[in-house]
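Presented below is the structure to which this report refers.
What follows is calculated from the coordinates using simple rules that are stated; it is not laboratory data. Please read all numbers here as calculations on a predicted model, not as lab measurements. Here Cβ is always computed from backbone atoms with ideal geometry, including for glycine, and neighbour counts include all displayed protein chains.
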Amino acid sequence: MLQDAAVKPERSPLIGARQEALADRLEQGARALASFASSLTDVEWQTRVPKDGRKIGVIVHHVASVYPLEIQLAQTLAGGKPVLGVTMDAVNEMNAGHATENDAVTKEAALDLLRVNSAAAAAAIRALSDEELAQAAPVSLYADAPLTCQFVLEDHAVRHSYHHLARIRGALKR
């Protein structure tokens with residue numbers, strides 16, 4: 001009997017464990033950031049983070065708004081293609097533009113975007129194969145070092161909410 005080409009063979013229970021773990025860690029970080037951010041007063045929401053200069057609310061929105069880009073960069077690597085043209089100058093310019101455009105972001109809007117985009121990012125991670133996670137190609141942000149899709153996910157999309165939550169907590173001393 002011929003197998004239908006649209007039917008995928010059954011997956012081993014071990015396949016997908018890394019994807020699930022990465023997606024879970026991303027979701028845990030997003031939930032921690034959302035939980036903390038939802039407890040902030042209006043004054044705290046407007047507080048600027050030292051050395052960063054952005055308001056806490058803008059940073060929460062920033063984390064939410066860059067999940068699609070972070071996933072896109074990882075998917076580029078998953079496809080075996082290099083990440084080109086991404087530099088710290090470009091990242092800083094993008095972040096500055098985001099801060100200006102979203103200076104008055106509301107808590108509700110930022111938290112809604114965080115919920116939606118983190119869920120989409122986690123789903124995209126879960127959809128990757130083990131081979132795609134292991135795929136490596138040059139990444140311009142890292143001096144064209146050949147990095148894996150999994151490393152870029154861990155260093156960006158997964159880590160991002162934890163990184164900013166720690167800085168926000170530090171700024172508020174709580």
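Collect the residues in segment 117-166 that are of a type in the set (Ser, Thr, Tyr) and closer than 18 Å to Gly80 by Cα, keeping them in residue-number order.
First, pick out the residues of segment 117-166 that are of a type in the set (Ser, Thr, Tyr): 118, 129, 140, 142, 148, 161-162.
Hits for segment 117-166 are Ser129, Ser140, Tyr142, Thr148.
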So Ala32 clears everything in (1) surrounded by fewer than 17 Cβ atoms within 10 Å (Cβ to Cβ); (2) without any contact (Cβ under 8 Å) to a residue 60 or more places away in the chain except one condition, right? Which one? (2)
Looking at Asp155, Asp130, can you tell me which residue is surrounded by fewer than 20 Cβ atoms within 10 Å (Cβ to Cβ) and under 13 Å from the mean Cα position of the chain (by Cα)? Asp155
Give segment 65-94 a look and list any residue that's of a type outside the set (A, V, I, L, M), under 17 Å from Leu22 (Cβ atoms) and in contact with a Ser or Thr (Cβ under 8 Å, 6 or more places away or on another chain), or say none. Tyr67
With of a type outside the set (Gly, Ala, Ser) and surrounded by 13 or more Cβ atoms within 10 Å (Cβ to Cβ) as the only criterion, which of Asn92, Asn102 stands out? Asn102
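Only helices (runs of 4 or more DSSP H) wholly contained in segment 79-174 count here; list those with 2 or more residues that are touching a strand residue (DSSP E or B) at 6+ places or on another chain (Cβ under 8 Å). Break it down stepwise before answering.
Numbers: elements: 88-101, 107-126, 130-134, 149-153, 159-172.
Answer list for segment 79-174: 130-134, 149-153.
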Being closer than 20 Å to Glu44 by Cβ and not hydroxyl-bearing (Ser, Thr, Tyr) narrows Leu133, Leu114, Leu84, Leu147 down to just Leu114
Quick check on segment 129-138. Is at least one of its residues in contact (Cβ under 8 Å) with a residue 40 or more places away in the chain and under 30 Å from Val49 (Cβ atoms)? no
Can you go through Pro50, Pro68 and tell me which one is in a loop (DSSP other than H, G, I, E, B) and either closer than 15 Å to Ala124 by Cα or touching a helix residue (DSSP H, G or I) at 6+ places or on another chain (Cβ under 8 Å) (or both)? Pro50
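Conditions (1) among the polar types (S, T, N, Q); (2) closer than 18 Å to Val152 by Cβ; (3) touching a Lys or Arg at 6+ places or on another chain (Cβ under 9 Å), marked per residue:
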| site | (1), (2), (3) |
| --- | --- |
| Ala64 | no, no, yes |
| Thr76 | yes, yes, no |
| Val83 | no, yes, no |
| Asp89 | no, no, no |
| Asn92 | yes, no, no |
| Gly97 | no, no, no |
| Glu101 | no, no, no |
| Leu111 | no, no, no |
